[in-house]
Amino acid sequence: MTHTSHPYSHRLGILRGWKSRWFSRGKDQYRGFLKGDVLIRHYLEKKLRGNYVSAIEMERNNESLKIIIKTSRPGILIGRQGEGTVRLKKDVTRFMKKKGIDVKSFKIEIEEVRYPDTNASLVAQMIAESLEKRFPFRRVLKQTMEKVMANKEVKGARFMIGGRLGGADMSRKESLKQGMIPLQTFRADIDFARERAILPYGTIGIKVWINKGEVFEESKKRE
């Protein structure tokens, strides 16, 4: 059996925090909160695909729910005079009623991701978008790697794609690595993401690892 672990969950409580932040008082409440968060997250990921959303976080108490959407293009989501946010809030409210998710009040907050080239989720989406536009996969990997490694804070990156690459009859894997990716070092700030490129001849899976160096207590306090 393999001993690989997810780079995000591997660092929970050390460098990373939970993507859903709340406290339940009983089993029924816990079950309801968890189911609601999973359904809302899946709905938003599907709806906002192509809008360069890196993460969807949730904060809640017994009465209210706050959804934090992190994106590199906040202007597209917010729209003119906040029209986009209002429309999105109505869509989420309709979805929650349909699924029986009971929330008295909720609000949507949109945060900007300042450096999209250092965010694994956004880089994976860039690769998927290029592959869906039928660009050659080797050129896509090479150009994206150059863009990512141009950032000073990035110490290493690794990309892996698998599927019917170039429309070949047999599926295979292709990977590209540059710099260091110490997966077992807890203080190494490694960002990881999975994405799928949907093509006429099949789906291509994408994995991205980005190493932003080691984080020590002193640098954490300074931040």
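For this structure, a couple of remarks:
So that you can scan it fast, the table gives a plain yes or no per residue for (1) out of contact with any Phe, Trp or Tyr (no Cβ under 7 Å at 6 or more places or on another chain); (2) at pLDDT 90 or above; (3) exposed (fewer than 14 other Cβ atoms within 10 Å of the Cβ):
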| position | (1), (2), (3) |
| --- | --- |
| Ile181 | no, yes, no |
| Arg194 | yes, yes, yes |
| Ala197 | yes, yes, no |
| Tyr201 | yes, yes, yes |
| Ile204 | yes, yes, no |
| Asn211 | yes, yes, no |
| Val215 | yes, no, no |
| Lys221 | yes, no, yes |
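- Count of segment 39-59 residues which are open to solvent by 30 Å² or more (accessible area, probe 1.4 Å) and touching a strand residue (DSSP E or B) at 6+ places or on another chain (Cβ under 9 Å): 4
- Residue in segment 88-104 that is closer than 20 Å to Trp22 by Cβ, surrounded by fewer than 14 Cβ atoms within 10 Å (Cβ to Cβ) and either of a type in the set (Gly, Ala, Ser) or under 17 Å from the mean Cα position of the chain (by Cα) (or both) present: yes
- Residues of segment 107-146 that turn out to be within 21 Å of Met180 (Cβ to Cβ), modelled with pLDDT of 95 or more and open to solvent by 40 Å² or more (accessible area, probe 1.4 Å), as a count: 2
- Conditions (1) surrounded by 12 or more Cβ atoms within 10 Å (Cβ to Cβ); (2) at pLDDT below 95; (3) within 26 Å of Pro7 (Cα to Cα); number of the one not met by Leu176: (2)
- Of everything in segment 8-23 that is assigned to a loop (DSSP other than H, G, I, E, B) and among the aliphatic types (A, V, I, L, M), the residue that is surrounded by the fewest Cβ atoms within 10 Å (Cβ to Cβ) is Ile14.
The values are calculated or read from the model by the stated rules, or taken from the named source; none is laboratory data. Given the structure is predicted, the values throughout are model-derived calculations rather than measurements. Virtual Cβ from ideal backbone geometry, glycine too; neighbours counted across all protein chains shown. The accessibility values were calculated without ligands, DNA or RNA, using every heavy atom of the protein model including side chains. Shrake-Rupley method; radii C 1.70, N 1.55, O 1.52, S 1.80 Å.
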